[in-house]
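A.B. asks: Provided herewith is a single structure, encoded as structure tokens, for subsequent inquiry.
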């Protein structure tokens, strides 16, 4: 089976507005299901590719802090 997860996710969210995109992210995180991780990963990829270098540094800093908090 040749499943293109990126295309499927993009197809599912392509007409969503900001509120719907935020709801998608929040729902996926709150569900806590492993099957949602690839989708969140792709959404992060889209964000990363549209971000400035300063934005990327800020995200990496936030990620570092999140990892530290999660491992406490």
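A.B. asks: Go through segment 42-60 and give me each residue that's more than 25 Å from residue 9 (Cα to Cα) and over 16 Å from the mean Cα position of the chain (by Cα).
C.D. replies: First, the residues of segment 42-60 that are more than 25 Å from residue 9 (Cα to Cα): 53-54, 57-58.
The answer is 53, 54, 57.
A.B. asks: Would you check which residues across segment 8-34 are surrounded by fewer than 10 Cβ atoms within 10 Å (Cβ to Cβ) and in a helix (DSSP H, G or I) and list them?
C.D. replies: Answer for segment 8-34, where residues must be surrounded by fewer than 10 Cβ atoms within 10 Å (Cβ to Cβ) and in a helix (DSSP H, G or I): 18, 19, 30, 34.
A.B. asks: Give all pairs with beta carbons closer than 7 Å in which a residue from segment 54-72 that is free of Cβ contacts under 8 Å to residues at least 60 places away in the same chain meets a residue that is surrounded by 10 or more Cβ atoms within 10 Å (Cβ to Cβ) and assigned to a helix (DSSP H, G or I); count only pairs at least 6 apart in sequence or on separate chains.
C.D. replies: Listed by first residue and then by second, the contacts come to 56/48.
A.B. asks: Name the residues in segment 35-66 that are surrounded by fewer than 10 Cβ atoms within 10 Å (Cβ to Cβ) and modelled with pLDDT of 95 or more, would you?
C.D. replies: The initial filter retains those residues of segment 35-66 that are surrounded by fewer than 10 Cβ atoms within 10 Å (Cβ to Cβ), namely 35, 49-50, 52-54.
Of everything in segment 35-66, those that are surrounded by fewer than 10 Cβ atoms within 10 Å (Cβ to Cβ) and modelled with pLDDT of 95 or more turn out to be 49, 50, 52, 53, 54.
The values are calculated or read from the model by the stated rules, or taken from the named source; none is laboratory data. From a predicted model like this one, the values you see are computed outputs, not experimental measurements. Note: ideal-geometry Cβ built from the backbone for every residue, glycine included; neighbour counts use all protein chains shown.
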